[in-house]
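Single-structure report; data block below.
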Amino acid sequence: MERVLASGLLVILSVFGLFAQNPVTGNIKGVIIEKLSDKPLEFVNVVVKRKDSNTYAAQTVTDKNGTFAFHGLPAGTYKVIYSFIGFDKTESPEIELSLAQTNQNVGKLYISEASKTLASVEVVGQKSTFVNSIDRKTFNVGQDLMSKNRFCE
């Protein structure tokens, strides 16, 4: 009788041990779209940030269709942060991964072009050191580094 009880207890503890070893994981996927043209963007940097610890859980880059996917994320609350050169860094609303919701499709996430206003712009030009025209070749001595040598002074 003791052997049966011990065997039954061992089976029950083993089953609970299996559940404890498999934590809930989930997936987040979506598409990054440029706001003005409504077209997907390739090579956008996408990171997933945990709300509770303010650490980045994973990162990826969008493919040619603008899609991204994160697999095997532990249960919790996340934000998707995405950025691209020449565009504003943008955050998604909070995304909850739980036992009831293991797969989240955030759908289309829009990104806008960044713009900056400059007070002034200064354009500086230089003549080429060597100019080759149809009837002659001209060498501009003023642009030559050797002519600017001041060792002789």
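The values are calculated or read from the model by the stated rules, or taken from the named source; none is laboratory data. Because the structure is a prediction, the values reported are computed rather than measured. For neighbour counting, all protein chains shown are included, and Cβ atoms are generated from backbone atoms with ideal geometry for every residue, glycine included. These area figures cover heavy atoms from the full protein model, side chains too; ligands, DNA and RNA do not enter into them. Shrake-Rupley method; radii C 1.70, N 1.55, O 1.52, S 1.80 Å.
Using r as the Cβ-Cβ distance of Thr60 and Glu113, and R0 as 30 Å, what FRET efficiency do you calculate, to the nearest 0.05?
0.85
For Ser120 and Phe139, compute 0.36 nm times the residue count separating them, minus their Cα-Cα distance, and round to one decimal in nm.
Going from the current span to full extension adds 3.5 nm.
Quick one: if the Förster radius is 30 Å, what FRET efficiency do Val24 and Glu91 give, using the C-beta to C-beta distance and rounding to 0.05?
It comes out at approximately 0.80.
What FRET efficiency would be calculated for the residue pair Asp38, Lys79, taking the C-beta separation as r and a Förster radius of 22 Å, to the nearest 0.05?
Efficiency, from the Cβ-Cβ distance: 0.40.
Accessible area, 1.4 Å probe, largest first: how do Asp135, Asp38 sort?
From most accessible down to least: Asp135, Asp38.
Kindly sort Phe70, Phe87, Phe139 by accessible area of their heavy atoms, largest first, with the probe set to 1.4 Å.
Phe139, Phe87, Phe70
So which lysines can Lys137 reach, going by Cα to Cα under 21 Å and dropping same-chain residues fewer than 8 places off?
Answer for Lys137, where 21 Å is the Cα cut-off: Lys127, listed by chain and number.
Which of the three applies to the stretch 86-128, rounded, prolate or oblate, going by the alpha-carbon gyration tensor with a ≥ b ≥ c and a/c under 1.5 meaning rounded?
It comes out prolate by the Cα gyration axes.
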